[in-house]
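The values are calculated or read from the model by the stated rules, or taken from the named source; none is laboratory data. What you are looking at is a predicted structure, and each value in this text was computed from that prediction instead of being measured. Cβ placement follows ideal geometry from the backbone for every residue including glycine, while neighbour counts extend to all protein chains displayed. In case anyone asks, the SASA skips ligands and DNA or RNA and just uses the protein heavy atoms, side chains included. Shrake-Rupley method; radii C 1.70, N 1.55, O 1.52, S 1.80 Å.
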Amino acid sequence: MFPRNSGTWFVFFLLISPTILYKAMSDEDRWAAKKKRMSDKVRKMFYHAYDNYMIYAFPHDELKPLTKTYTNSLVELGNLRLEHLPPEYNGSALTLIESLSSLVIMGNNTEFERAVLWLSENLTFDIDARINLFECNIRVLGGLVSAHILATDSTNRLVQGKYKKQLLNLAEDLGHRFLPAFDTPTGLPYAWINLKYGVMEHETTETSTSGCGSLILEMGVLSQLTGDPRFESAALRALRKLWSMRSSLNLLGTTLDVGTGEWLEYSSGIGAGVDSFYEYLVKAYIIFGRDEFWRMFQSAYLAVEKYFKHGSWYHEADMRTGQPTYLQLTSLQAFWPGLQVLVGDIAAANSSHREFFSVWERFGVLPERYLLDRQMLHPTEKYYPLRPELAESTFYLYHATKDPWYLEVGESIVNSLNSYTKVEGGFASIRDVTTMQLEDHQHSFFLAETCKYLYLLFDDSFLVDRNYIFTTEGHPFPVVSAWHERLPEAYIPTYWTDVRDERQAKRASPMSLQVCPATALKSGLGGEQVESACHIPDVRADHRCLVEKDCGVDATTCRRRSCSMAGYCGLWWA
Ligand code: DMJ
């Protein structure tokens, strides 16, 4: 049964040697090899999307990968008939702006420099176009500010000699064009603004919670970099006004009127129209170190966990009563486990992430809306537009726990994207997850976020010795003490308790200074109580219970307490 002559032995050896080698590898080596293989695969995906954009769409905004053409989506969103656009308008290179930080993270400094110089010489915002303030803020302003920081960061040494803060100047110009949107009786900004002429006649006064509450990072950092306080003041005034509109349950609605400051839609959740509001409270605290942001976040987070949580899912509820309204999964909600990692609530993050991934596995991708009570897809929202949120949460969870299971989740996401959405001309959105019929659109966030988070999951070398926070569009902003009003006294990174390789985690973490401050409070009895973001008190102060729902979440471990047979809440299984 064994080969006799030397030639056959050679072939035999060639065939079995990979198996021998594989067996000789330690688990650690195997995971390292997998990470290398997967990061190469994600890099290829990014360049397939990027190169096709550069060939068929640049300098327009986004690629149409099926017809290999383009869309000027930044202005088309608000101007479907393109009435005022000059015929020579060529777009605002949105996908290029969105790709800048991903290029640096993937180590392609040459292309980053080329792109920075092109934008420095060609980009203008002096266009008669009605744009969406929220989208333009997170994609364009955030992309430019982040790229400016990367270009001037002394550790990167990029674009030396040729870069004279052109991107920051562009960002400042854009910031000035945003300011008239805030000129309302409430300080809440209009959702739409014309870049050249300001707020248009008869402009709608309806906007969303995210539209008012997710401007503080980009506009705040712009103020820090330019020394012009107006951007931060406008965003802060809007955020404070929005927070003042919360109900007595600390809940907010989804849509509102910027003229009257009244809610238009009282039902809300953690998904569309609201998501980044929560995200920016905690990230603003991390970037600017103001207790005000932490206090808002903590109250808002507790209210979400109390009124929206439904097992491992999150439903929507009426902000006035806390009564459930819709029991639906929306794909934007999948960012929530990532936010929970940031505040140290790993157990809750892990359990809701598993639920989102189970739906991903069931359909091959995450449908936009899924009716949890009826276990069926929403009849019209069956699409998957290459969204990043599940990949984002997977990255955060792996980063915090180093549990290799998350690498497998990432691999499954990468495989699905390659099997269902990759076409010759780029990556196409899915119109219907039941048929996998495609749609002719490659959203810029696929390059800014989806590819970036997948890449960072497998190769986080960019984050070594650096402390960055990612904006809601995945653009990195550094945590620097100069921007902190006051550095919080105690940063207790409680989520590292689960980390297996503590040394590496501390070195590699974008979150290593943050956050979940388990603040010691003086209790009435002279002892100390611990308060934290995940804490949900038991329903009764004496901790008695009849059913599980009477018990809350333990402040120090972030674990849900359960009701014992004797009728007391506690961590009985510990
Ligand atoms: C991105 O543009 C941002 O993450 C935003 O906050 C909402 N989601 C989209 C991508 O899904």
Coordinate range along principal axes, alpha carbons of the stretch 7-535, Å, largest first: 86, 72, 53
Cleavage-rule hits (trypsin sites (Lys or Arg not before Pro)) in the stretch 317-362: DSSP loop, at most 14 neighbouring Cβ within 10 angstrom: Arg320
Long-range amide H partners of Gln328 with built H, under 5 Å: Glu316, Leu372
Going residue by residue through the stretch 42-58, the Karplus relation 6.51 cos²θ - 1.76 cosθ + 1.60 with θ = phi - 60° gives ³J(HN,Hα) values, rounded to whole Hz and with x marking Gly or Pro, of 5, 4, 4, 4, 4, 5, 5, 5, 5, 4, 5, 4, 5, 6, 9, 10, 3
Quick tally, 1.4 Å probe accessible area for Tyr278, Tyr163, sorted with the most first, runs Tyr163, Tyr278
Output ordering of 390-396, 478-484 (per-residue mean of other Cβ within 10 Å, highest first) is 390-396, 478-484
Using θ = phi - 60° and the Karplus relation 6.51 cos²θ - 1.76 cosθ + 1.60, list the HN-Hα couplings for the stretch 437-453 in order, rounded to whole Hz, with x at every Gly or Pro. 5, 9, 10, 7, 8, 10, 5, 5, 5, 5, 7, 6, 10, 4, 5, 5, 5
Might you work out the accessible area of Cys551 for me, using a 1.4 Å probe with all protein chains in place, and round it to the nearest 10 Å²? 10 Å²
The stretch 69-144: trypsin sites (Lys or Arg not before Pro) falling in loop per DSSP and having at most 11 other Cβ within 10 Å: Arg81
Residues with amide H under 5 Å from that of Ile469, placed H, sequence gap 5 or more: Phe477, Val479
Volume per residue, Å³, of the convex hull around the alpha-carbon atoms of the stretch 114-180? 85 Å³
When we measure straight from the Cα of Lys309, which lysines land under 16 angstrom away, once same-chain ones fewer than 8 places off are left out? Lys549
For Leu264, the residues 5 or more places away or on another chain with a placed amide H closer than 5 Å to its own amide H are Thr255, Leu256, Asp257
Read phi for every residue in the stretch 398-412 and hand back ³J(HN,Hα) as whole Hz from Karplus 6.51 cos²θ - 1.76 cosθ + 1.60, θ = phi - 60°, with x for Gly and Pro. 5, 4, 7, 10, 6, 7, x, 4, 5, 5, 5, 4, x, 4, 5
Once you order the gyration tensor axes a ≥ b ≥ c over the Cα atoms, which shape class does the stretch 314-402 get: rounded for a/c under 1.5, otherwise prolate or oblate by comparing a/b with b/c? oblate
Write down, largest first, the equivalent ellipsoid semi-axes of the stretch 183-224 in whole Å, where each equals the square root of 5 times an eigenvalue of the alpha-carbon gyration tensor. 20, 14, 9
I need the peptides 452-463, 95-106, 66-77 ranked by packing, meaning the mean over residues of other C-beta atoms within 10 angstrom, with the highest value on top. 95-106, 452-463, 66-77
